[in-house]
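Inspection log for the structure reproduced underneath, given as structure tokens.
The values are calculated or read from the model by the stated rules, or taken from the named source; none is laboratory data. Since the model is a prediction, treat every value here as computed from it, not as a measurement. With ideal geometry, Cβ positions are generated from the backbone for all residues, glycine too; neighbour counts draw on all protein chains shown. Quick note on the areas: whole protein, heavy atoms, side chains included, nothing else; ligands and nucleic acids left out. Shrake-Rupley method; radii C 1.70, N 1.55, O 1.52, S 1.80 Å.
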Amino acid sequence: MELLESPIRKYAWGSLTAIARLQGRPAPTAEPEAELWMGAHPAAPSRLAVSGTSLVDAIAADPEGLLGASGVERFGPRLPFLLKVLAAAQPLSLQAHPTLAQARAAHAAGHPSYVDGWHKPEMLVALTDFDALCGFRDPAVTAADLAALGVAGLEETVGALRQDDKAAALHDAVRGLLGKPDARLVEEVVAACAARGGAYSLAVELAERYPGDAGVIVAMLLNRVRLRQGEAVWMPAGNLHAYLRGVGVEIMAASDNVLRGGLTPKHVDVEELLRVLRFEVLDDPVTRPVDVAPGLVTWPVPVEDFTLHRALVGPGGGAAAVRLPGGGPRIVLCVRGAVRIDDGVVPVTLAAGQAAFAPATRRELAVSGEGDVFQAATP
């Protein structure tokens, strides 16, 4: 195994404390730190700590040695996943991602909203209490909530949501709000929400950062989720979602294809967003961990690009030692304590906030010590 030096992305919505404290650095930091990237994404690849070589260059020099022959056959000479620590102090944009077929076709056709030909399913596991929006609520319930505000300009949206066909109801409501955005309507809705309080406070919170943005109303069509530590949200292609606040470990397919639906100053491609969204009700957005072995859990997802396991070792409910499943290239991240990762060749010791890479030639990784680790891998 090899220790990684991984970049931190400094977006405005990031935290001044979370990632720094995870890594044992002084906090608050001078700038917001939003994401710690661990992987071989060309935009910000990790580096092998000893040689200083970027993981992108290391893979290019020996793709089968690092990724395995089957990995190269399935995904090409590229690491198919990206692991992150995400620290949101403020809400992110509403967004969705295409299917693999949609991404390949649109990118090949030169569509400006697609920067590569890959899909981007993703999952976030909460390290702290984490607020998010994920998937559509029942449109009839949303219609009742919006109608109760008594805002005349919402009549068209409420009428759309009351259709018997739930997919058509959600589609028409989103199209109406984003297709002809009305900043004055947003202001009226926010004022009515402020007067009622309670669950309506979401619109008020979002409008403080994104005044007049139609995404403020679209967000009211979605499930608001409060994750507890260890719970996850799974966001397949077509799922409209947004992170609001909290710290989590995120894993995704390595792509930059994002279609935004509001809460952003960036371009919103309404027609393409409508084409890729899944207009279906998501009754339970929370994905809970599944026990694999003592001290080891996972969150099953129906994709080939990645799997995520979590191992807890040592006192405090963990096992004395845990074996992480083998197969394919892996990145192991420590989020608490100090652990030893033994791949049978070159063991490494990880402190909180450190990560290491294991090539496909390694089999099961043995974790010991006292701490909490995540392993990103291919199935």
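Odds and ends about this structure:
- For Arg175, the conditions (1) touching a residue at least 60 places away in the same chain (Cβ under 8 Å); (2) more than 18 Å from Asn239 (Cα to Cα); (3) open to solvent by 50 Å² or more (accessible area, probe 1.4 Å) are fulfilled apart from (2).
- Meets criteria (on the phi > 0 side of the Ramachandran plot and open to solvent by 40 Å² or more (accessible area, probe 1.4 Å)) for Gly369: yes
- In the stretch 298-319, the residues that are in contact (Cβ under 8 Å) with a residue 40 or more places away in the chain and surrounded by fewer than 19 Cβ atoms within 10 Å (Cβ to Cβ): Pro302, Glu304, Pro315, Gly316
Residue by residue, here is whether (1) in contact (Cβ under 8 Å) with a residue 40 or more places away in the chain; (2) open to solvent by 10 Å² or more (accessible area, probe 1.4 Å); (3) in contact with a His (Cβ under 9 Å, 6 or more places away or on another chain) holds:
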{"residue": "Glu188", "(1), (2), (3)": "no, yes, no"}
{"residue": "Ala192", "(1), (2), (3)": "yes, yes, no"}
{"residue": "Leu206", "(1), (2), (3)": "yes, no, no"}
{"residue": "Tyr210", "(1), (2), (3)": "yes, yes, no"}
{"residue": "Asp213", "(1), (2), (3)": "yes, yes, no"}
{"residue": "Leu222", "(1), (2), (3)": "yes, no, yes"}
{"residue": "Val233", "(1), (2), (3)": "yes, no, yes"}
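- Checking Gly212 against (1) assigned to a loop (DSSP other than H, G, I, E, B); (2) touching a strand residue (DSSP E or B) at 6+ places or on another chain (Cβ under 6 Å), the condition it does not meet: (2)
- Condition met for Gly117 (assigned to a loop (DSSP other than H, G, I, E, B) and open to solvent by 10 Å² or more (accessible area, probe 1.4 Å)): yes
- Positions within the stretch 242-285 being part of a strand (DSSP E or B) and of a type in the set (A, V, I, L, M), in sequence order: Ala242, Leu244, Val247, Val249, Ile251, Met252, Ala253, Leu259, Val281
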